[in-house]
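What follows is a set of notes on a single structure, which appears directly below.
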Amino acid sequence: MKFKFLGKLSVVATVLAASLSIAHAQEKIVNVYNWAEYTTKDTIPDFEKRTGIKVRYDTYDTNDILQAKLLTGKSGYDVVVPSTHYASRQIEAGLLQKLDKSKIPNWEHLDPEIMAIVAQVDPGNEYLIPWGFGTDGLGFNVTKAKEILGQDVDLADWDLLFKPENAAKLKQCGISILDEPAQVFPAVLHYIGKDPNSTNPDDYREALNVLKQIRPYIRQFSSSGYINELASGDLCMVYGFNGDVLIGADRAKEAKQPFVVDYFIPKGGAPVWFDTMAIAKDAKNVDEAHAFINYIEDPEVHAAITNQMFYPNANKIARNYVKPEIANNEMLYPDAEVAKTLFVIKPQSLQILRLQTRLWAELKSGK
């Protein structure tokens, strides 16, 4: 009897193990690799609840990190979010796969004008669908900056960063710039009167000289950490992303800090960029990836992300659900006159990318 009972237990255990194995095999999952600060606390849980698809969600803070993952050919991710100036090369290199628009019914909500701009690097809009877009400009602890530079100072001026005499004054309260050469060099080139998407190596060396003049006054190179440092008062000026600066401003306000943080598009023009959702070539969960992309492009879902993270999106209908104080903020949604001065960061040749990387290492080393 004893052995017969144990035999029955063995059969039950085998059945249970098989059932668990089948359940695990049937579990749907999507692996998402995205920029930090690009969702709300409800974005992922709501998607999982609506679809039954589990999300593994990881973040990065530079395009170079994402590119390195994709180049391995075994990234482990399904949905990735490259900026357009990197995505173009990734398309050419076969690192992304075409989207099946029939599986993205919310595609109809996308703004045709924005999609036309994205089509400059993705003809026919076959591979990319925008998550968010923004500008690179100047973020300030306005209170501290005016104490140092004077109450009448115009904070929408590239001179405050690129003229050494100004940077020297702001050193005492901290300067941070983005840690990505492809985001920094176009602004410097524009500042010195060159094509921001120049293909001339000499232009980049001239831009490097401008950066070297202010290098002694740069406290850090950071593409995300400056948000909390602005909010806590540990930084005075940043060259950063508009949405990130305004997240810092919101956090400072919530913490009832005795200072104001704000973002400025410098007069004369600034870089504009687009972060786009794409499906990695080696994606294992393609249907789930399409479901995730379609969910993000639900107007109310994407508006909720913009309302909390301050980055505009390409969903035309979503703007109806964006808070008026955000939708009417011209530092996020520039008016027609300012929009004319903005320039898109375009993809560069491998030769220029290598040059940028080499010059950037030279800058950061302080040599």
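The values are calculated or read from the model by the stated rules, or taken from the named source; none is laboratory data. Only a predicted model underlies this, so the values are computations on that prediction, with no experimental measurement involved. Counting neighbours? That spans all protein chains shown, and the Cβs are built from the backbone with ideal geometry, glycine included. Just so you know, the surface numbers come from the protein's heavy atoms only, side chains and all, with ligands and any DNA or RNA stripped out. Shrake-Rupley method; radii C 1.70, N 1.55, O 1.52, S 1.80 Å.
Table for the structure above
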read-out: Residue among Asp78, Asp64 that alone is of a type in the set (Asp, Glu) and modelled with pLDDT of 95 or more; value: Asp78
read-out: Residues satisfying the stated conditions in the range 177-223, i.e. charged (D, E, K, R) and part of a loop (DSSP other than H, G, I, E, B); value: Asp179, Glu180, Lys194, Asp195, Arg219
read-out: Any hit, the range 176-187, residues being of a type in the set (Ser, Thr, Tyr), closer than 22 Å to Val344 by Cβ and either modelled with pLDDT of 95 or more or touching a Lys or Arg at 6+ places or on another chain (Cβ under 6 Å) (or both); value: no
read-out: Ile279 vs. criteria assigned to a strand (DSSP E or B), farther than 27 Å from Ala249 by Cβ, in contact (Cβ under 8 Å) with a residue 40 or more places away in the chain and hydrophobic (A, V, I, L, M, F, W, C); value: yes
read-out: Conditions (1) assigned to a helix (DSSP H, G or I); (2) open to solvent by less than 10 Å² (accessible area, probe 1.4 Å); (3) closer than 23 Å to Arg354 by Cα: number failed by Tyr239; value: (1)
read-out: Among residues of the range 114-133, those that are more than 21 Å from Pro196 (Cβ to Cβ) and more than 18 Å from the chain's Cα centre (by Cα), counted; value: 4
read-out: Any hit, the range 45-53, residues being outside any helix (DSSP H, G or I) and of a type in the set (D, E, K, R); value: no
read-out: Failed item in (1) within 21 Å of Gly243 (Cβ to Cβ); (2) more than 16 Å from the chain's Cα centre (by Cα), with Gln348 passing the rest; value: (1)
read-out: Condition met for Ile345 (farther than 15 Å from Trp131 by Cβ, free of Cβ contacts under 8 Å to residues at least 60 places away in the same chain, in contact with a Phe, Trp or Tyr (Cβ under 8 Å, 6 or more places away or on another chain) and of a type in the set (Val, Ile, Thr)); value: no
read-out: Elements of type helices (runs of 4 or more DSSP H) contained in the range 288-367, each with 3 or more residues being open to solvent by less than 40 Å² (accessible area, probe 1.4 Å) and β-branched (Val, Ile, Thr); value: 299-309
read-out: Subset tally (residues that are open to solvent by less than 30 Å² (accessible area, probe 1.4 Å), modelled with pLDDT of 95 or more and part of a helix (DSSP H, G or I)) for the range 107-148; value: 3
